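First the structure, in the form of structure tokens, and then the observations on it.
The values are calculated or read from the model by the stated rules, or taken from the named source; none is laboratory data. The shown structure was predicted, so the numbers you read here are calculated from the model rather than taken from an experiment. Glycine also receives a Cβ, built like all others from the backbone with ideal geometry; neighbour counts cover every protein chain displayed. Ligands, DNA and RNA are stripped out before the accessible areas are found, and what is left, the full protein with its side chains, is counted by its heavy atoms. Shrake-Rupley method; radii C 1.70, N 1.55, O 1.52, S 1.80 Å.
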Amino acid sequence: MKKQYAGDGVVIIKKYANRRLYNTETSSYITLEHLAAMTREGRDFKVVDAKSDEDITHNVLTQIIMEEESRGQTMLPVSFLRQLIAMYGDSMQAMVPGYLEASMDSFRRNHDQFKTAVEGAFSTGPFAGTPFADLAKRNMAMFEAAAQAFKPGAPGMPGAVPFEAATATATGASKDDEIAALKAQLAGLNEKIDKLNR
């Protein structure tokens, strides 16, 4: 895909009534795929309505997620979506965005360590070299991130801990504790797989 953008500043994207997106940095029309690529590359952009100059970045990013989800490889489980919808109008609603943002920030910081632990477990376990191991490596990170955000004990859920404590736990745990937790989760997953194969 040819790059439709350049530079490091915030790129202004104008959205017209005909739904076309115009990149003011490159003076060219782009698609949602271009915006998704910019997001993956860490480019910061702001989408504004060409007529009213209203900031509609949130709506466009949500539209990109819907497009990605409709392509068959969904990242957001139905249970997660239901719990998220249920939080609208709840007294805890205002805390959810901050909690999700902190969770994703923590996940991104630990991504490489998590990936190495998962790859090591599946490269030496009973499923090493199998298609299942490849599938598990690809999907483990996204399932873990979604599951952690709304499992019991997360803010707003039964057995919840305070938001500050949950965030501190997510970001303040030592690397040894995180690795031990990952190994325990992988051992549990292997046990479940063994039972399924019997």
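Some notes on this structure:
- Test for Arg109: is it within 17 Å of the chain's Cα centre (by Cα), basic (Lys, Arg) and over 30 Å from Lys175 (Cα atoms): no
- Inter-residue pairs, beta-carbon under 9 Å, first over 13 Å from Thr116 (Cα atoms) and in segment 174-185, second open to solvent by less than 60 Å² (accessible area, probe 1.4 Å) and small (Gly, Ala, Ser), 6+ apart: Ala181/Ala173
- Hey, Glu54 open to solvent by 60 Å² or more (accessible area, probe 1.4 Å) and modelled with pLDDT of 80 or more or not: yes
- Val47 being more than 20 Å from the chain's Cα centre (by Cα) and open to solvent by less than 50 Å² (accessible area, probe 1.4 Å): yes
- When Tyr16, Tyr88 are screened for being modelled with pLDDT of 90 or more, open to solvent by 90 Å² or more (accessible area, probe 1.4 Å) and of a type in the set (Phe, Trp, Tyr), only Tyr88 passes.
- Scanning segment 57-82 for residues that are open to solvent by less than 60 Å² (accessible area, probe 1.4 Å) and in contact (Cβ under 8 Å) with a residue 12 or more places away in the chain yields Thr57, Val60, Ile64, Leu76, Pro77, Phe80.
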